[in-house]
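I have placed the structure first, in the form of structure tokens, so that the comments after it can refer back to it.
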Amino acid sequence: MMKWSKERIWSWYNSRPWFRGCNYMSADCANRIDQWQELGFEERFKTTEDELKLMQETGYNTVRLIIEYAVWKGEHDGFMERFDRYLSLCAKYGISCMIVLANDCMPPKTERWQMPYLGEQTYDWGYHGGKKHSQHGTHKAPAPHFYLDSPDTREDYFRMVTEIVTKHRDDERICMWDVYNEPGNSRRAELTLPNLKKMFEVVRACNPSQPLTCGVCGMHGDETKPFNETTQYALDQSDIISYHFYHGYNEHIKVIKRLKKYGRPLLNTEWLGRCLGNDVFTLFPLFYLERIGCWNWGFVAGKYQTYEPWEGTWQRYENGTETAVDFTKWFHDLYRPNHRPYDPKEIELIQHFCALAYSETLPVPSEQ
């Protein structure tokens, strides 16, 4: 399977409603092990249904889901069955799924470092991601990858990807495959490039009917500063361009302008960092007007605690390298644990533009 032509991806994109949604796990999940493992799944699945109802009422029509190798490996048949149930439950509420197949958000190797494990999951209160020592701190050296650094688990990981994509390559409940989340993050850029190349090769060999993308991070609008080789490869190989950005409106405009030069539709698959000026009121209308698909991080605040700032944001503020931070605001998430909005005016604005998207036919930007 070859990379989609610009004509093909624009035809595909223009035939679908404007994508708007979130990166999702239910509020009672401590992490992605909790999201997919058998222990406690039925109770959390009920929570998921309640939250998907709320998502539908909000006007969202898509979620971004990251799979977990440890659960696929340890509970293979159960994982595959639960994954299918998840897709069906989302479809019940008119919500398509973008599936993330690999991930470079890795914690640094410290004395607290441990491999993911099945069973009861622990979490720390007051920390983004539920862990005091996590990938959200400041990395001083490349972080090890749980699975892709070992030759044995690396090949097994690719077997997982092949199985999942092959089984669901014509599944209309899946809108896109996100081949690799933030390749090169955690100071892994050079280490990741061979894995990223292999991942695109493996996924394309499955011949999926859905387009491929790759959520790149570290974006900036200064064209005099080239992207690193790993990020550039991800952009060059993607059928549809997706990026992550957690800074303010003005910088976001520059990034959009730069990425438009690839002549393909744009998706922002991670946004909403209120502490950093990346907010609903300025960005959601921008995504609507530009018809940029958008997935904010988080939905209902819970055990994963992504309403807290990144640990790295605290560290940079404390050492004086990042001072323009408003710690009075939540970082991510739209709803409180009781399903009341964090800010009702945010939800009113989101619902307004989602209603416009349902009722209007917008002039659709093209590669020209």
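Contact map, the stretch 103-114: first residue of a type outside the set (A, V, I, L, M), second residue in a strand (DSSP E or B), Cβ cut-off under 8 Å, separation 6 or more or different chains; pairs are Asn103/Ile66; Asn103/Asn181; Asp104/Asn181; Cys105/Asn181. Just to be sure before I move on: is Ile256 without any contact (Cβ under 8 Å) to a residue 60 or more places away in the chain and of a type in the set (Val, Ile, Thr) in the structure I sent? Yes: the conditions hold for Ile256.
Put simply, of Asp104, Asp149 the only residue that is surrounded by 15 or more Cβ atoms within 10 Å (Cβ to Cβ) and more than 28 Å from Thr48 (Cα to Cα) is Asp149. Checked against the criterion of being of a type in the set (Lys, Arg), in contact (Cβ under 8 Å) with a residue 24 or more places away in the chain, part of a loop (DSSP other than H, G, I, E, B) and out of contact with any Gly (no Cβ under 7 Å at 6 or more places or on another chain), the stretch 12-33 has at least one qualifying residue. Among the residues of the stretch 34-52, those that are assigned to a helix (DSSP H, G or I) and in contact with an Asp or Glu (Cβ under 6 Å, 6 or more places away or on another chain) comprise Trp36, Arg44, Thr47.
Selection within the stretch 311-362: residues that are surrounded by 14 or more Cβ atoms within 10 Å (Cβ to Cβ) and aromatic (Phe, Trp, Tyr). The member of this set that is nearest to Met106 (Cα to Cα) is Trp314.
For beta carbons closer than 7 Å, sequence separation of 6+ or different chains, a first residue in the stretch 219-236 that is assigned to a helix (DSSP H, G or I) and a second that is among the small types (Gly, Ala, Ser), the qualifying pairs are Thr230/Gly184; Thr230/Ala189; Thr231/Gly184; Thr231/Gly218.
May I ask you to verify whether Arg32 is surrounded by fewer than 17 Cβ atoms within 10 Å (Cβ to Cβ) and basic (Lys, Arg)?
Values: surrounded by fewer than 17 Cβ atoms within 10 Å (Cβ to Cβ): no; basic (Lys, Arg): yes.
Answer is no for this residue.
Every number in this text was worked out from the coordinates using simple rules, so none of it is lab data. What you are looking at is a predicted structure, and each value in this text was computed from that prediction instead of being measured. Cβ: placed from backbone, ideal geometry, glycine included. Neighbour counts: every protein chain shown.
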